[in-house]
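*Asks:* Okay, here's the structure, questions in a sec.
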Ligand SMILES: [Zn+2]
Ligand SMILES: [Zn+2]
């Protein structure tokens with residue numbers, strides 16, 4: 001339903017008209033229409049198609065023309081018109097609770113504020129108090145609204161796995177007109193969640209770049225269209241994407257600057273100061289003279305460092321290690337020789353073992369581990385003993401046809417309430433590997449259960465060790481440090497579950513695991529063969545956790561995989 005999409009735009013038009021001091025009758029007509037559209041229980045597009053827009057109260061000729069235009073073309077010309085002559089950032093400022101267009105106008109006329117930063121600053125100024133109607137109480141209210149807005153915005157971060165394909169598509173769309181192009185910010189650092197998205201490019205023909213960008217077919221709205229900067233909201237997830245065109249001579253410096261993180265850049269700036277240099281998005285300068293900026297290599301070379309991989313740029317010691325020439329040799333996608341966490345149609349997966357094997361071969365994998373659910377996970381088609389044996393037989397059969405790849409018989413076995421595994425040892429003994437996972441009792445002695453499960457010599461891997469979901473579930477009540485330590489001491493591998501909503505372990509816990517000497521394994525938890533794609537997200541988490549390929553089971557050749565029981569070697 002496009003009801004709320006359209007209501008949002010009408011609200012914004014009303015806000016801007018109010019800011020401009022337009023006719024109050026007109027403004028309230030927009031607001032009334034917006035509210036009625038938002039609350040109307042039927043799909044506005046359907047009504048429009050049936051010529052029944054008038055069923056919604058408060059929709060006159062004018063508004064109904066807007067709706068018609070929007071549903072035909074995806075934009076409303078009135079919206080573009082009212083946006084002229086006001087800073088584009090106002091659309092955002094007007095969303096701040098307790099601020100309102102009138103107060104914004106007051107602050108704009110007096111201080112020319114344009115951004116949230118500006119607003120924050122003027123709220124601290126004593127002069128602000130002297131403006132008409134701006135008592136202490138009012139300022140306190142605006143501050144509260146601002147805090148609320150900022151924390152809400154922070155919550156709106158979306159998972160890397162959702163943002164990544166959206167941005168890749170835009171980059172592909174822009175590539176033909178750019179000489180260089182790259183996303184920057186948290187997406188380039190492959191952080192697990194992303195806020196707004198920044199893309200940076202250079203071109204021989206810069207004036208056409210932004211024109212093409214704002215015509216992106218999946219753009220829902222255009223927020224800004226300048227000579228060197230454009231900003232759109234894309235339909236998928238209403239994500240804001242900014243594109244910036246920079247001089248080729250500054251591309252490296254800009255890429256470095258806009259990739260961040262803030263903390264990483266602060267440290268680099270301090271380092272520059274110590275050397276009597278200045279670093280900015282335009283380059284590295286000695287006095288007036290620019291000494292680097294075209295590439296990131298150039299920029300980091302000034303500090304006697306190799307380019308620090310973006311995933312490490314969090315000020316977690318990477319600059320110090322780079323200066324000593326000690327950066328880790330991070331794992332890469334090409335190092336991944338197989339996956340250990342795939343569900344077939346013997347439990348709740350949708351593909352047959354044969355299809356899984358074919359997909360694995362097409363990815364160049366040397367092995368694939370099938371890990372179907374165990375009997376207690378009935379909700380997930382968990383296999384009873386009989387079915388498990390049947391599945392093993394099926395694997396033996398498929399192996400005959402695909403001699404080029406090793407198929408490991410595994411299972412994702414529930415860790416039960418008492419810490420026992422969900423199959424008796426004589427069944428576990430018939431498997432090549434065992435993942436132990438908690439799927440029930442998230443708040444009941446989770447740490448103790450996991451440690452008890454790890455005492456079982458048949459357990460090789462702890463699956464999704466903290467149980468969190470990025471979209472909102474906090475995860476188990478668990479002392480993850482204890483689990484990591486135990487795993488490190490006893491040769492149990494911890495999973496980086498690569499499913500986009502899990503990414504569990506996360507980067508911080510992977511770093512801890514690395515320090516404690518634990519082995520890690522990346523599992524896609526694929527329930528269909530398209531989900532094999534998520535491996536790259538798992539690799540990103542591993543890289544953010546400073547892992548090289550020696551620490552990751554997926555990177556070993558079949559006969560060298562260092563599982564505790566070494567049964568895989570047979
Ligand atoms: Zn699971
Ligand atoms: Zn699973």
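Rule-based calculations on the coordinates, nothing more; no lab input. Just so it is clear, the model here is predicted, and its values are computed rather than measured. Don't worry about glycine lacking a Cβ; one is built from the backbone with ideal geometry, like all the others, and counts go over all protein chains shown.
*Asks:* Please compute the contact order of the chain in relative form: average sequence separation of alpha-carbon pairs under 8 Å and at least six residues apart, divided by the residue count, as a percent.
*Replies:* 9
*Asks:* If R0 is 56 Å, what FRET efficiency do you get for residue 558 and residue 61 from their C-beta distance, rounded to 0.05?
*Replies:* My answer for the efficiency is 0.20.
*Asks:* Let me ask something additional. Calculate, in whole percent, how much of the Cα-Cα pair population of region 158-245 lies beyond 22 Å.
*Replies:* 17
*Asks:* Also, quick follow-up: I need the calculated FRET efficiency for the pair residue 390 and residue 515, taking r as the beta carbon distance and R₀ as 60 Å, to the nearest 0.05.
*Replies:* 0.90
*Asks:* In what sequence do 443, 527, 264 fall when counting other Cβ within 10 Å, fewest first? If you can, show how the numbers build up before the last one.
*Replies:* Values: 443 8, 527 18, 264 21.
Listed from fewest to most nearby Cβ atoms, that is 443, 527, 264.
*Asks:* Any chance you could give the angle, 0 to 90 degrees and rounded to 10, that helix 446-455 forms with the longest Cα principal axis of the chain?
*Replies:* The angle comes out at about 30 degrees.
*Asks:* Taking 0.36 nm per residue of sequence separation and subtracting the Cα-Cα distance, how much length would be gained by fully extending the chain between residue 440 and residue 102, in nm to one decimal?
*Replies:* Net length gain for the segment: 116.4 nm.
*Asks:* Highest mean first, how do 250-259, 470-479 rank when packing is the count of other Cβ atoms within 10 Å averaged over residues?
*Replies:* 250-259, 470-479
*Asks:* Let me ask something else about it. Give me the angle, in degrees from 0 to 90, between the Cα long axis of helix 535-544 and the longest principal axis of the Cα atoms of the chain, rounded to the nearest 10.
*Replies:* Helix 535-544 sits at roughly 80 degrees to that axis.
*Asks:* Specify the angular offset, from 0 to 90 degrees and rounded to the nearest 10, of the alpha carbon long axis of helix 160-174 from the longest principal axis of the alpha carbons in the chain.
*Replies:* Relative to the chain, helix 160-174 is tipped by roughly 60 degrees.
*Asks:* Give me the distance in nm between label points sitting 7 Å out from Cα along the Cα-to-Cβ direction at residue 140 and residue 46, one decimal.
*Replies:* Distance between the two pseudo-spin positions: 4.8 nm.
*Asks:* Given axes a ≥ b ≥ c from the Cα gyration tensor, I'd like to know whether region 333-569 is rounded (a/c under 1.5), prolate (a/b larger than b/c) or oblate. It would help to have the intermediate numbers written out before the result.
*Replies:* Working: a/c = 1.45, a/b = 1.17, b/c = 1.24.
Rounded, since a/c falls under 1.5.
*Asks:* Sum -39500 (n - 2.57) across every DSSP H segment of at least 4 residues in the chain, then divide by the residue count to get the 222 nm mean residue ellipticity, nearest 500.
*Replies:* After summing the helix terms and dividing by the residues of the chain, the value is -12500 deg cm²/dmol.
*Asks:* A further question follows. Please list the radius of gyration and Dmax for the chain, considering alpha-carbon atoms only, with Å as the unit.
*Replies:* Gyration radius and largest Cα-Cα distance of the chain: 28.0, 84 Å.
*Asks:* For region 158-245, what does the relative contact order come out to in percent, with C-alpha contacts under 8 Å and a separation of six or more?
*Replies:* This gives 26 percent for region 158-245.
*Asks:* Give the relative contact order (percent, whole number) for region 250-323; include only Cα pairs under 8 Å separated by 6+ residues. It would help to have the intermediate numbers written out before the result.
*Replies:* On the way: 107 pairs, mean separation 26.0, N = 74.
Taking the mean separation of contacting Cα pairs over the length of region 250-323, I get 35 percent.
*Asks:* Suppose the chain between residue 430 and residue 152 were pulled fully straight at 0.36 nm per residue; how much longer would it get relative to their current alpha carbon spacing?
*Replies:* Gain on extension, residue 430 to residue 152, equals 95.0 nm.
*Asks:* Further, regarding this structure: Using alpha carbon centroids, what distance separates region 416-432 and region 304-318, in Å?
*Replies:* 43
*Asks:* Taking the mean number of other Cβ atoms within 10 Å as a proxy for protection, how do you rank 278-290, 25-37 from highest to lowest?
*Replies:* Averaged packing, sorted descending, gives the order 25-37, 278-290.
*Asks:* May I ask for log10 I(q)/I(0) of region 56-113 at q = 0.12 Å⁻¹, from a Debye sum over the Cα atoms as equal point scatterers with solvent left out?
*Replies:* Relative scattering, expressed as log10 I(q)/I(0), comes to -0.43.
*Asks:* Extending each Cα 7 Å along its Cβ direction at residue 329 and residue 129, get the distance between those two points in nm, one decimal.
*Replies:* 6.4
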